[in-house]
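These notes concern the structure reproduced below.
Values quoted throughout were computed directly from the atomic coordinates according to the rules given, and no laboratory measurement underlies them. Predicted model, so just to flag it, every value in this text is computed and none were measured. No Cβ is skipped: glycine too gets one built from the backbone with ideal geometry, and neighbour counts run over all protein chains shown.
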Amino acid sequence: MHEQEMTADEWPFADSTNTVTITTRQVLREGHPVLFVSHDSDGTWQILCGTTTDEADALVISLGEALQNDRSIASLADMPRGWSARRRSRWRQAAAGREYSLAVVGGAIGSPGQLRPCTVPQYLA
């Protein structure tokens with residue numbers, strides 16, 4: 001379903017469909033799974049995979065396009081500003097400023113291995 005085809009009753013977010021959302025080339029074009037979502041204090045959403053911190057990989061899209069790309073983020077629609085969520089399989093929400101173990105030493109994300117903390121990139125200062 002295209003974002004413009006959604007009725008107001010179907011749209012799960014309080015924010016509008018054209019809310020600024022930061023994602024990465026890996027998520028939008030290469031199909032990497034979304035593993036981290038933040039609802040920044042300025043209202044911006046970040047929909048990230050945790051595989052890159054290179055600003056050259058950053059893409060600015062609408063929240064509607066982000067939802068169209070990954071419907072699972074609808075479950076985070078009521079996440080307050082300043083909060084973020086991470087997942088391996090199920091979302092876990094936390095207040096801003098926390099670190100998450102998304103990087104894996106010796107294996108792919110989600111596989112057995114030693115997890116190490118990594119900070120989530122903030123593409124907009």
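Estimate the FRET efficiency between Ala74 and Thr53 by the formula 1/(1 + (r/R0)^6), using the beta-carbon distance for r and 30 Å for R0, to the nearest 0.05.
0.70
As an exercise, find the ratio Rg/Rh for the stretch 3-96 from alpha-carbon atoms, using the Kirkwood inverse-distance average for Rh.
0.93
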